[in-house]
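Please treat every number below as a calculation from the coordinates, not as lab data. A quick note: this is a predicted structure, and the numbers were derived from the prediction, not measured. Positions of Cβ are backbone-derived with ideal geometry, glycine not excepted, and every protein chain shown enters the neighbour counts.
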Amino acid sequence: MSECPHCGNELKYPEAAYRNADAYGGPVTVATGCCGKGIVLTRAGISIRPRYGPAGKDDWGDHMKASDRQEKSDPLFDQLLKDAKATVDGMTPEERQKMYEAQRQSWARGEMELGKSDKDRGYD
Ligand SMILES: [Zn+2]
């Protein structure tokens, strides 16, 4: 049961409007049976996600290339990663030790913050 966006009561509208929107996607404009105001029906959008797996045939029998699950590469991120590697490579063992220790402390501070409730933070 859905709620009418106008009056909040149980939404009523002709079955034909639903069937039309379902068949053709809409938009279909129809007066409600509850309060008589108009609603627009649009079939939910098509969802698209990547398909991963070996090469094969699609649902139409056409050839489909293999696709491995991997993140799209981001040029900015790739550059940052390269710079970070170069920086770490250029560090002395002591500098590296200091950096890792700072990271551990930063991580611990973050974990402590995540473990807090709003009450702990004074937002009660
Ligand atoms: Zn209504």
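Structural remarks
- Test for ASP59: is it in a loop (DSSP other than H, G, I, E, B) and either away from the ligand (no atom under 16 Å from the Cβ) or polar (S, T, N, Q) (or both): yes
- The combined condition, being closer than 30 Å to MET1 by Cβ and of a type in the set (D, E, K, R), is not fulfilled by LYS65.
Here is a yes/no grid of residues against (1) aliphatic (A, V, I, L, M); (2) within 8 Å of the ligand (Cβ to nearest atom); (3) under 30 Å from SER67 (Cα atoms):
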{"residue": "CYS4", "(1), (2), (3)": "no, yes, no"}
{"residue": "GLY8", "(1), (2), (3)": "no, yes, no"}
{"residue": "LEU11", "(1), (2), (3)": "yes, yes, no"}
{"residue": "PRO14", "(1), (2), (3)": "no, no, no"}
{"residue": "ALA23", "(1), (2), (3)": "yes, no, no"}
{"residue": "PRO27", "(1), (2), (3)": "no, no, no"}
{"residue": "ALA31", "(1), (2), (3)": "yes, no, no"}
{"residue": "ALA44", "(1), (2), (3)": "yes, no, yes"}
{"residue": "ILE48", "(1), (2), (3)": "yes, no, yes"}
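- ALA86 vs. criteria within 16 Å of the ligand (Cβ to nearest atom) and assigned to a helix (DSSP H, G or I): no
- The C-beta contact set for segment 1-29 (first residue surrounded by 14 or more Cβ atoms within 10 Å (Cβ to Cβ), second residue in a strand (DSSP E or B) and not aliphatic (A, V, I, L, M), distance under 8 angstrom, 6+ apart or interchain) comprises CYS4/GLU10; LEU11/GLU3.
- Of all residue pairs spaced 6 or more apart or on separate chains, those with beta-carbon atoms under 9 Å, a first member in segment 100-116 that is on the phi < 0 side of the Ramachandran plot and a second member that is not aromatic (Phe, Trp, Tyr) are GLU113/ARG121.
- Residues (assigned to a helix (DSSP H, G or I) and surrounded by 10 or more Cβ atoms within 10 Å (Cβ to Cβ)) located in segment 73-83: PHE77, ASP78, GLN79, LEU80, LEU81, LYS82, ASP83
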